[in-house]
Amino acid sequence: MSPRTYLDYNATAPLRPQAAEAMAAVLGETGNPSSVHAEGRRAREYIEAAREKVAGLVNAKARNVIFTSCGTEANMTALSPQAVAPEGASGTHCFVSAIEHPSVLCGGRFEQADVSEIAVGGDGTIDVSSFAGQLENYRSSNPSGTFLVSVMLANNETGAIQPVAELAEQVHGLGGVLQCDAVQAAGKIPIDIASLGADMLTLSAHKFGGPQGIGTLILGPGAEDFAAPLLRGGGQEMRRRAGTENVAGIAGFGVAAEIAARDIEDFRRIAELRDELEIRIKSESPDAVIFAERAPRLANTSCFAVPGMKAETSVIGLDLEGVAVSAGSACSSGKVDRSHVLDAMGVEPGLAECAMRVSLGWKSQAADVEQFITAWSLIHHRYQEQAQAA
Ligand code: PLP
């Protein structure tokens with residue numbers, strides 16, 4: 001059996017061995033970080049050391065890092081009317097981009113009627129001037145209304161990087177609050193929370209070599225008096241997220257964040273691998289369409305379609321050949337739904353059904369690209385033969 005090639009880093013990245021080691025060390029100990037005895041204080045030390053490292057990845061203050069159970073929980077925590085108007089101002093509005101992860105698209109704790117979508121262009125990015133127009137329209141009909149805008153830094157399907165700093169300027173100019181889901185961008189591009197202008201920033205460890213099931217909501221400068229915990233009860237995480245902390249997960253998160261920050265330049269090498277992969281796809285199939293090709297894009301992501309070659313069939317064919325990739329549409333339930341991201345970009349539904357996502361990362365090598373191309377060429381030829389016979 002040929003070795004497997006894993007090219008689905010945007011779904012989850014392999015755990016860094018150093019993160020696994022840090023977790024194993026914590027799992028070998030006992031101690032609730034809220035306890036005052038030596039065991040408890042030791043657990044607390046693990047958490048605070050990791051908090052510094054996670055903060056360092058985005059140049060935030062450690063005390064502004066709130067650990068959560070995942071990126072989804074961090075998004076749900078941020079998307080609350082109380083996060084914008086702690087005193088409970090009525091009529092608080094929420095704007096989310098049409099290409100957000102479902103955990104943002106659902107509007108969190110806002111009523112559906114109070115959520116509006118922000119459109120994207122055909123290249124998968126938000127146009128700053130139309131966004132500014134949308135906000136100004138809102139402001140003119142709601143002169144004293146409070147609002148929250150949630151925009152991702154990089155899209156999980158296409159890798160398109162959004163002009164978050166420019167959008168933040170518009171949001172703050174009209175008195176709004178900006179939350180940014182940086183789950184896919186973290187560890188892949190440098191992030192500075194202050195320059196980004198994010199009041200709240202979401203990260204998830206498992207997208208860059210940390211463990212699954214641990215995330216964070218990080219508060220930006222000026223947003224420290226956050227008052228909208230999702231989980232209430234105990235006083236953990238400075239009363240901003242109740243529940244005994246996942247100490248091992250947090251320790252692994254810290255180590256992965258430290259390595260990701262140190263190795264960020266490795267994405268130049270990964271960009272070369274991704275570019276080579278796209279060149280080879282296009283030379284084999286000149287009619288292949290690469291989505292968000294002309295937008296600023298994450299170096300590790302390629303979302304493409306060959307018209308007529310259905311993604312579901314391709315993903316299964318590649319899996320049988322030892323290659324793990326995704327259909328362009330997220331399939332969290334195991335079945336492939338039509339991609340809301342490609343829909344929002346105005347991609348014709350028949351073409352969207354053919355979209356596949358290949359995503360590379362820290363362990364990827366030229367041999368992985370070779371194995372992908374060999375397997376993909378095989379199923380592409382098979383598809384061509386079947387198409388000709390039909
Ligand atoms: N946001 C984005 C952009 C994602 O890609 C994901 C996961 O796929 C999430 C949020 C959710 O993160 P988690 O899996 O930690 O809940």
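Below are the figures for this structure:
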quantity	calculated
Meets criteria (open to solvent by less than 40 Å² (accessible area, probe 1.4 Å) and within 16 Å of the ligand (Cβ to nearest atom)) for residue 66	yes
Test: residue in region 130-144 that is away from the ligand (no atom under 13 Å from the Cβ), closer than 24 Å to residue 216 by Cβ and touching a helix residue (DSSP H, G or I) at 6+ places or on another chain (Cβ under 6 Å)	no
Breaking point among (1) over 22 Å from residue 107 (Cβ atoms); (2) crowded, with 21+ Cβ neighbours inside 10 Å; (3) away from the ligand (no atom under 14 Å from the Cβ), for residue 220	(1)
All positions within region 62-79 that are in contact with a strand residue (DSSP E or B) (Cβ under 8 Å, 6 or more places away or on another chain) and not β-branched (Val, Ile, Thr)	64, 67, 69, 70, 71, 73, 74, 75, 78, 79
From 305, 257, 295, residue being over 20 Å from residue 5 (Cβ atoms) and in the same structural domain as residue 154 (by TED's automatic domain parsing)	257
Residue 12 open to solvent by less than 50 Å² (accessible area, probe 1.4 Å), within 16 Å of the ligand (Cβ to nearest atom) and polar (S, T, N, Q)	yes
Only listed residue being within 25 Å of residue 190 (Cα to Cα), surrounded by fewer than 19 Cβ atoms within 10 Å (Cβ to Cβ), of a type in the set (A, V, I, L, M, F, W, C) and more than 16 Å from the ligand (Cβ to nearest atom), chosen from 55, 49, 119, 24	49
Residue within region 313-324 that is modelled with pLDDT under 95, closer than 21 Å to residue 13 by Cα and open to solvent by 10 Å² or more (accessible area, probe 1.4 Å) present	no
Count of region 231-242 residues which are at positive phi and touching a residue at least 40 places away in the same chain (Cβ under 8 Å)	2
Scope region 72-101; condition within 16 Å of the ligand (Cβ to nearest atom), open to solvent by 10 Å² or more (accessible area, probe 1.4 Å) and part of a helix (DSSP H, G or I); matching residues	72, 73, 76
Failed item, numbered, when residue 307 is tested on (1) open to solvent by less than 80 Å² (accessible area, probe 1.4 Å); (2) in contact with a Ser or Thr (Cβ under 7 Å, 6 or more places away or on another chain)	(2)
Residue in region 247-270 that is open to solvent by less than 30 Å² (accessible area, probe 1.4 Å) and touching a Cys at 6+ places or on another chain (Cβ under 6 Å) present	no
Residue in region 25-57 that is farthest from residue 243 (Cα to Cα), counting only those that are among the aliphatic types (A, V, I, L, M) and without any contact (Cβ under 8 Å) to a residue 24 or more places away in the chain	38
Residue identified as within 16 Å of the ligand (Cβ to nearest atom) and under 17 Å from residue 98 (Cα atoms) among 181, 127	181
Single condition residue 142 does not satisfy, out of (1) modelled with pLDDT of 95 or more; (2) open to solvent by less than 60 Å² (accessible area, probe 1.4 Å)	(1)
Top-ranked residue in region 187-217 [being more than 28 Å from residue 8 (Cβ to Cβ) and open to solvent by 20 Å² or more (accessible area, probe 1.4 Å); ranked as nearest to the ligand (Cβ to nearest atom)]	199
So residue 282, is it free of Cβ contacts under 8 Å to residues at least 24 places away in the same chain and surrounded by fewer than 20 Cβ atoms within 10 Å (Cβ to Cβ)	yes
Test for residue 158: is it among the hydroxyl-bearing types (Ser, Thr, Tyr) and either away from the ligand (no atom under 16 Å from the Cβ) or over 16 Å from residue 64 (Cα atoms) (or both)	yes
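Residue-wise test of (1) within 16 Å of the ligand (Cβ to nearest atom); (2) open to solvent by 20 Å² or more (accessible area, probe 1.4 Å); (3) touching a Pro at 6+ places or on another chain (Cβ under 9 Å).
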site: 30; (1), (2), (3): no, yes, no
site: 33; (1), (2), (3): no, no, no
site: 41; (1), (2), (3): no, yes, yes
site: 45; (1), (2), (3): no, yes, yes
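The values are calculated or read from the model by the stated rules, or taken from the named source; none is laboratory data. Owing to the predicted nature of the structure, the values given are computational and were not obtained by experimental measurement. Note that we place each Cβ from the backbone using ideal geometry, even for glycine, and neighbour counts take in every protein chain shown. In case anyone asks, the SASA skips ligands and DNA or RNA and just uses the protein heavy atoms, side chains included. Shrake-Rupley method; radii C 1.70, N 1.55, O 1.52, S 1.80 Å.
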